[in-house]
Every structure is written in C-alpha cells, then in structure tokens.
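> After the structure tokens below, expect a handful of questions from me.
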Amino acid sequence: MQIKLLCIGDIVGRPGRQILSEHLPRLVNEHELDCVVANAENAAGGSGLTAQIYDKLLKYGVQLITLGDHIYRKREIVETLQNSDRIIRPANLSPQAAGKEWAVYTTAKGPQIAVVSLLGRLFMTTSADNPFHAVDRVLKKIPADVKIRIVDMHAEATSEKIAMGWYLNGRTSLVYGTHTHVTTADETILDKGTAYITDLGMSGAHKSVLGRNVDPVLKSLITQMPCPYSLATDDVRINGVIVTIESSGANAGRAQDIKRLCVKSNTDQGAPYDSSDGKPNYNNALL
C-alpha cells in the first residue's frame, strides 16, 4: 500500500491562507492525498499563528502543522500547542518550551504518519540546541510501528538542510526544508529511500520579497531605517511537494516518488481574504 502526502511551504498571512481555502480540497481529491502537512509559522499577519487560524487550517484540510523560529510570536498559540495533537514545536528548543516534539496522524487507509520539526542554527537568530542530537532523541520516542516519518528542517543555510537529509537518509521517509520561502529544484530520493528537498518555498504572494511588499523592504534595506513590512497580495501561489511513500512490506517507510507542486491563485489582487491579520510587522520580522 502506498501513502501520498502533500507538504506545504511556509503559509504567509491571509494570501497564503486564502489560496489554501480555494484549492486544497480540490488538490486532495485530484491527487488522492492521504495527509497534508503545512508549515504555519507565518500564517497570522506574516509572523506567528493564532488559535483561530489554526482551526481554519484544519478545516481547509491540513492534518499536521509544523512551526519554526516565529512559533511564539502570537502568545495565544501556547494553549493550542499544549493541548492539540496536530501541531508541534521544533524539537530542539528548550525542554521547558510549550508544545509537543512530535505528532502522529492516522490516515483513513490505516497507516500512521509521524512528523518532527527542527530549527537550524546557522545564521538563525533563535537559540536552539543541536538539531542532529534532538532528532536522534525524538525518533527513538516514536513507536516502531509508525514507519512513515517526516522531518521539517526549518533553517536558513542550505548546507545545514542538506546535511540533515543525508544524516537521516534511510531513517526517515522525507526530509524537507522550510524558512527561506524560495522553492529549490533539488527534489530527489536519496540512495537509502529518503525523499529530500532543500526548501518547499512559500504559500503566499510571489510578487514580493518573501511575501512582503517590495517597496518598503527595499526602503529599509537601502536606508537602514525602520519601515513596516506590509503583506503583498499579488501572484499568490501554493508551493510544496507531493511524496509517495510505501507503507507496508519490506520497503515500508521508503519514499517512491517526490514531485514539486506550484498552484496559482484565481483570486485577483485586492479581492477580500478571510479574517483580519492585525498590525504589520517591522524590519526583519520575516526576513
């Protein structure tokens, strides 16, 4: 039996949420998906996640949610992190940090899928423990009968993401990168059966700088003066990968196929999006 996953790159604000609400049900049906995993650390106002938006993402068809360095930007998400079994924090944060280190989703077909999130350390502003040590520890906790295991490596440096892919080769079904918001073209299945891509990209406005309007970003970079980074709304797309994984037999847990996905929105610039996002973030809140 094979299981098909859709893993979605960083959801950026209302544009990213809206395109999911428009297209995700269709994608699930067309591709016969068994599970959808999304990184939602930028889903609220471009930085952080709220409980309300978390609930909406589940209604859109997302089963598992990962986060990254902006995990606690919205303090209200702490209760959800503590109580929900569909959302996880990076496993290499402090043991006292709110949230679960891994989660398991049971598909309609029966096989279970485990997800783990990690923070990179190279060029990252958030302090985190060694992700290689953390993933070793967490993988030992996941029940042995859960053969499909995926890892979201939320990191800046491509070298650190690639190194994690090779480190987990043969021990997980899929390793993918998030955080940089730009889709890479290196999707592959490594020699021991682990699917890999350095970055999924983002689900948000692509006529932008990582989901933000171009002009204020340029102004702040050129003048070095504080400037609000407002969310862009034009050329909205979903970026991600669809991965097929064997769920039974001698090859259980081995990836069989990985394909990049890019879906453009039918929503014109300026069309209404779902609920209010709040105030814009300032310099370097996203970049």
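The values are calculated or read from the model by the stated rules, or taken from the named source; none is laboratory data. Note that this is a predicted model, so its numbers are computed, not measured. Backbone-built Cβ (ideal geometry, glycine too); neighbour counts: all protein chains shown. Note: accessible area is taken over every heavy atom of the protein model, side chains too, but ligands, DNA and RNA are not part of it. Shrake-Rupley method; radii C 1.70, N 1.55, O 1.52, S 1.80 Å.
> In the range 13-50, which residues are assigned to a helix (DSSP H, G or I), over 21 Å from Asp152 (Cα atoms) and open to solvent by 20 Å² or more (accessible area, probe 1.4 Å)?
Scanning the range 13-50 gives Arg14, Gln18, Ser21, Glu22, Pro25, Arg26, Asn29, Glu30, His31.
> Here's a check for you: in the range 217-226, which residue that is under 22 Å from His179 (Cβ atoms) and out of contact with any strand residue (DSSP E or B) (no Cβ under 6 Å at 6 or more places or on another chain) is surrounded by the most Cβ atoms within 10 Å (Cβ to Cβ)?
Ser220
> Could you check how many residues of the range 55-84 are surrounded by fewer than 22 Cβ atoms within 10 Å (Cβ to Cβ), among the hydroxyl-bearing types (Ser, Thr, Tyr) and either assigned to a loop (DSSP other than H, G, I, E, B) or under 14 Å from the mean Cα position of the chain (by Cα) (or both)?
So the count comes out to 2.
> Any idea which of (1) aromatic (Phe, Trp, Tyr); (2) under 24 Å from Asn42 (Cβ atoms); (3) open to solvent by 40 Å² or more (accessible area, probe 1.4 Å) is the one Trp166 doesn't satisfy?
(2)
> Follow-up question, since we're still on this one. Are any residues in the range 132-152 in contact (Cβ under 8 Å) with a residue 40 or more places away in the chain, in contact with a helix residue (DSSP H, G or I) (Cβ under 8 Å, 6 or more places away or on another chain) and open to solvent by less than 10 Å² (accessible area, probe 1.4 Å), and if so, which ones?
Of everything in the range 132-152, just one residue is in contact (Cβ under 8 Å) with a residue 40 or more places away in the chain, in contact with a helix residue (DSSP H, G or I) (Cβ under 8 Å, 6 or more places away or on another chain) and open to solvent by less than 10 Å² (accessible area, probe 1.4 Å), namely Val135.
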